[in-house]
Amino acid sequence: MAYVEKKRLGDLLVSAGKITPQQLQEALTKQRVLGKKIGEILVESQIITEENIIDAIETQTGIKKVDLNTIDFDKKAIHALSQNLCEKYMIVPFAIDTQKICVAMEDP
């Protein structure tokens, strides 16, 4: 499998025009001091919205976002994984077929 360089979240937000390079640098400085994730800092500072972060993470990872309030849960999927496993990895299985189980997660 070929290596694909993952673009950093802050760089994605700058490229998308959601933040300026200066805002990114200020947030990175805060990150070094506070030890928080860059997205948390930007949202807490009200520079961007949580939805902006979710969209950027979707772009960064290729993992599609899901709204658990609108999903029709497949009962087979719910029972396909143990509760301990779901709690350990903070995942919620919602669909299943012969090849895969689709799970929602808080922070990919």
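If you go through the stretch 69-84 and keep only what is of a type outside the set (D, E, K, R) and either in contact with an Asp or Glu (Cβ under 7 Å, 6 or more places away or on another chain) or surrounded by 11 or more Cβ atoms within 10 Å (Cβ to Cβ) (or both), you end up with I71, F73, A77, I78, H79, A80, L81.
Using the structure shown, decide if A95 is touching a Cys at 6+ places or on another chain (Cβ under 9 Å) and surrounded by 13 or more Cβ atoms within 10 Å (Cβ to Cβ).
yes
Within the stretch 33-68, take every residue that is over 17 Å from G17 (Cβ atoms) and hydroxyl-bearing (S, T, Y) and give me the one that is modelled with the lowest pLDDT. Restricting to residues being over 17 Å from G17 (Cβ atoms) and hydroxyl-bearing (S, T, Y), the top hit is T61. Of all residues in the stretch 56-108, those satisfying the criterion of being closer than 26 Å to V14 by Cα and in contact with a helix residue (DSSP H, G or I) (Cβ under 9 Å, 6 or more places away or on another chain) are A56, I57, T59, Q60, I63, K64, K65, M105, D107, P108. Look at (1) at pLDDT below 90; (2) part of a helix (DSSP H, G or I) and you find that L85 fails only one, number (1). Among the residues examined, V66 does not qualify as more than 15 Å from the chain's Cα centre (by Cα), of a type in the set (A, V, I, L, M, F, W, C) and either more than 26 Å from C102 (Cα to Cα) or surrounded by 13 or more Cβ atoms within 10 Å (Cβ to Cβ) (or both).
Take the stretch 1-59 and flag every residue that is among the hydroxyl-bearing types (S, T, Y) and without any contact (Cβ under 8 Å) to a residue 40 or more places away in the chain. Across the stretch 1-59, the qualifying residues are Y3, S15, T20, T29, S45, T49. Restricting the stretch 20-44 to residues that are surrounded by 13 or more Cβ atoms within 10 Å (Cβ to Cβ) and among the small types (G, A, S) leaves a set whose member that is nearest to R8 (Cα to Cα) is G39.
The values are calculated or read from the model by the stated rules, or taken from the named source; none is laboratory data. As the structure is a prediction and not an experimental result, all values here were calculated from the model. Don't worry about glycine lacking a Cβ; one is built from the backbone with ideal geometry, like all the others, and counts go over all protein chains shown.
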